[in-house]
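See structure below.
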Ligand code: GAR
């Protein structure tokens, strides 16, 4: 039961328990405060039932939500609880329904600096939203970034990804229209590529077609670029097909390599290019490819 709830909320185990505790504390505190407020208002068992009911309802409908947000904030889970409240207010028709946006999912495996930039860029975007972060590495920093941004996280397992349904039903449940890979180190199974034809982007930290392929990720790439004596490196954003880093390149940007360059300093330059361009390239790509074909 807990695992189902954890999946529904899209939280890592640790955050799930923090959120669970926040709900528990809110329930107890609301009950305690309701009792205190009734006493403070001078009510007892002889007071009119509708007065008592009114106070209870007020505490349940209004007090509970304020206390929940307060615990959420104190426990570092503001984004989750704020989204929870907005959803509730929309369900109760107190707020108008959220604007329909094109939902995208990010796949990431590690530090997640690109994923964070993308989530921040689309946070208030009028037509695109990041609705899911998929990660294959428990404890990766990117999970923490997503939770801070209030983006549901799905931790995936190798067996189901490569030999099962590749999590396509989960992506469909979230109505995901586009997938962007941001430092995701597993190969994408053919079934997933087929489910998102020309709707999946990857970023690669070098100027493809050179320095791509299996094993070419992170500092391995920068080391290979330096070893080859290239004068420049850069980034490539490309469509994903069944071969590592071989899909059609839709964007590249380059940076010079200095004589004393190290893999680390080159990685920093490349990261700067990635952060500056990837969110905008995704935006243009999604907008251009979401539009229904005319004629
Ligand atoms: C990025 O530089 C990305 O281009 C690279 O991993 C890094 C992830 O950094 N991807 C690959 O090498 C894929 N072949 P981040 O986790 O800080 O975004």
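For residue 215, the requirement of being over 30 Å from residue 169 (Cβ atoms), without any contact (Cβ under 8 Å) to a residue 12 or more places away in the chain and either surrounded by 20 or more Cβ atoms within 10 Å (Cβ to Cβ) or within 10 Å of the ligand (Cβ to nearest atom) (or both) is met. Residues in segment 98-113 that are closer than 13 Å to residue 218 by Cα and in contact with a helix residue (DSSP H, G or I) (Cβ under 7 Å, 6 or more places away or on another chain) were compared, and the one that is surrounded by the most Cβ atoms within 10 Å (Cβ to Cβ) is 108. Just give me the residues in segment 1-24 being free of Cβ contacts under 8 Å to residues at least 60 places away in the same chain, assigned to a helix (DSSP H, G or I) and surrounded by fewer than 17 Cβ atoms within 10 Å (Cβ to Cβ), in sequence order. The answer is 2, 3, 4, 5, 8, 13, 14, 17, 20, 21, 23, 24.
For segment 178-196, the criterion of being more than 10 Å from the ligand (Cβ to nearest atom), within 18 Å of residue 278 (Cα to Cα) and surrounded by fewer than 17 Cβ atoms within 10 Å (Cβ to Cβ) is met by no residue. The residue pairs whose first member lies in segment 28-41 and is on the phi > 0 side of the Ramachandran plot, whose second member is at pLDDT 85 or above and surrounded by 14 or more Cβ atoms within 10 Å (Cβ to Cβ), and whose beta carbons are closer than 6 Å, counting only pairs six or more residues apart or on different chains, do not exist in this structure.
Scanning segment 197-212 for residues that are more than 18 Å from the chain's Cα centre (by Cα) and within 16 Å of the ligand (Cβ to nearest atom) yields 204, 205, 206, 207, 208, 209, 210, 211, 212. Across segment 100-126, the qualifying residues are those that are touching a strand residue (DSSP E or B) at 6+ places or on another chain (Cβ under 7 Å) and within 11 Å of the ligand (Cβ to nearest atom), and the one among them that is farthest from residue 281 (Cα to Cα) is 109. Selection of segment 41-52 for residues being over 46 Å from the mean Cα position of the chain (by Cα) and in a loop (DSSP other than H, G, I, E, B) yields 42, 43, 44, 45, 46, 47, 48.
Looking across segment 134-145 at every residue that is away from the ligand (no atom under 12 Å from the Cβ) and closer than 16 Å to residue 179 by Cβ, the one that is surrounded by the most Cβ atoms within 10 Å (Cβ to Cβ) is identified as 134.
For residue 158, the test of being at pLDDT 90 or above, away from the ligand (no atom under 16 Å from the Cβ), more than 30 Å from residue 28 (Cα to Cα) and loosely packed, with under 13 Cβ neighbours inside 10 Å is passed.
The values are calculated or read from the model by the stated rules, or taken from the named source; none is laboratory data. Quantities reported herein were computed from a predicted structural model and do not represent experimental measurements. Neighbour counts run over all protein chains shown; Cβ positions are idealised from the backbone, glycine included.
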